[in-house]
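Here the structure comes first, spelled out in structure tokens, and everything after it is commentary.
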Amino acid sequence: IGTYKRTTSQGEKMVRDFKFQRSVPINFKAPSIAEEIVVISPSFKKIFNEAAAAESMGLGEIAGVGYRKALEFLIKDFCINQKPEDEIQIKSLLLGKVINTYVEDPNLKACAKRAAWLGNDETHYVRKWECKDIEDLKILIQLTCSWVSSNVLTAKYMAEMA
């Protein structure tokens, strides 16, 4: 089903013009997420896919909040995976504090921090990063996922090939 908006006039001239708005149902295709990420944080995959589905339906304001939540689950689950003895502490801290305290890889830390900053902009009334948007947030989350995957795979192969 397609939805069109009718324009009946342009200036002084009467025109019957129809412009495509959207179509339904929306066939959403979930983004690909590396297996290492899914193993560490199944909740990240679920939340991230829900945010992407919301965005595909034009619900950008809600999608940003979902992406921010997905990031928090990814980082906290990764840190718990790295330091299971600190699980209770990691779960109770704010995301920024978890990143500063528990994320050791400098590239992962830098990308996760920036993703958190933009994610916070999606949840607050006043934006601090007005020149950045949800697309930048998704790129930073993608980079964060890449660094998490790299850390997990590096640790795996170093242990297997000691």
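The values are calculated or read from the model by the stated rules, or taken from the named source; none is laboratory data. What you are looking at is a predicted structure, and each value in this text was computed from that prediction instead of being measured. Glycine gets a Cβ as well: all are built from the backbone with ideal geometry, and neighbour counts include every protein chain shown. For accessibility, only protein heavy atoms count, side chains too; no ligands or nucleic acids. Shrake-Rupley method; radii C 1.70, N 1.55, O 1.52, S 1.80 Å.
Past the 27 Å Cα-Cα mark, which pairs from Lys5/Lys69; Lys91/Lys138; Lys19/Lys132; Lys97/Lys128; Lys46/Lys138?
Beyond 27 Å: Lys5/Lys69; Lys19/Lys132.
Evaluate the relative contact order of the range 97-144 (contact order divided by residue number), counting alpha-carbon pairs under 8 angstrom at least 6 apart; express in whole percent.
With pairs under 8 Å counted, the relative contact order is 42 percent.
Can you tell me, using C-alpha contacts under 8 Å and at least 6 residues apart, the relative contact order of the range 56-133 as a whole percent?
Answer for the range 56-133 is 36 percent.
On a 0 to 90° scale, report how tilted helix 106-123 is relative to the longest principal axis of the chain, with both axes built from alpha carbons and the result rounded to the nearest 10.
So the inclination is approximately 40 degrees.
Accessible area per residue of the chain at 1.4 Å probe, in Å²?
Counting only protein heavy atoms, the per-residue value for the chain is 67 Å².
Could you give the longest part of the chain that holds none of the GluC sites (Glu not before Pro) found in DSSP loops with at most 11 neighbouring Cβ atoms within 10 Å?
The longest uninterrupted stretch comes out as 13-103.
Starting from one equal scatterer on each C-alpha and no solvent at all, send me the Debye-based log10 I(q)/I(0) for the range 25-99 at q = 0.11, 0.16, 0.17, 0.27 Å⁻¹, two decimals.
-0.31, -0.60, -0.66, -1.18
With equal scatterers on the alpha carbons only and no solvent term, can you work out the Debye log10 of I(q)/I(0) for the chain at 0.15 1/Å?
So the normalised log intensities work out to -0.83.
Between Asn107, Asn27, Asn151, find the one with the highest GNM mean-square fluctuation for the chain; connect C-alpha pairs within less than 10 Å.
With Cα springs under 10 Å in the chain, the top fluctuation among Asn107, Asn27, Asn151 is at Asn27.
Helix 60-82 versus the longest principal axis of the chain: what is the Cα-based angle in degrees, 0 to 90, to the nearest 10?
Approximately 10 degrees, to the nearest 10.
Of the chain, which part is the longest with no trypsin sites (Lys or Arg not before Pro) in a loop (DSSP not H, G, I, E, B) and with at most 13 other C-beta atoms within 10 angstrom?
The longest such stretch corresponds to 30-126.
When the accessible area of the range 1-128 is computed with all protein chains present and a 1.4 Å probe, what percentage of it is carbon and sulfur?
Whole-percent figure for carbon plus sulfur exposure: 53.
Tell me the relative contact order for the chain as a rounded percent, counting alpha carbon contacts under 8 Å between residues six or more apart.
Averaging sequence separation for qualifying contacts and normalising by length gives 17 percent for the chain.
Of Ser92, Ser41, which has the most accessible area with a 1.4 Å probe, and how do the rest follow in descending order?
Ser92, Ser41
Go ahead and estimate [θ] at 222 nm for the chain from helices alone: -39,500 (n - 2.57) per DSSP H run with n ≥ 4, summed, over the residue count, rounded to 500.
About -20500 deg cm²/dmol.
How large is the dipole of the range 44-112 about the Cα centre if only Lys and Arg carry +1 and Asp and Glu carry -1, each at its Cβ, rounded to the nearest 20 debye?
80
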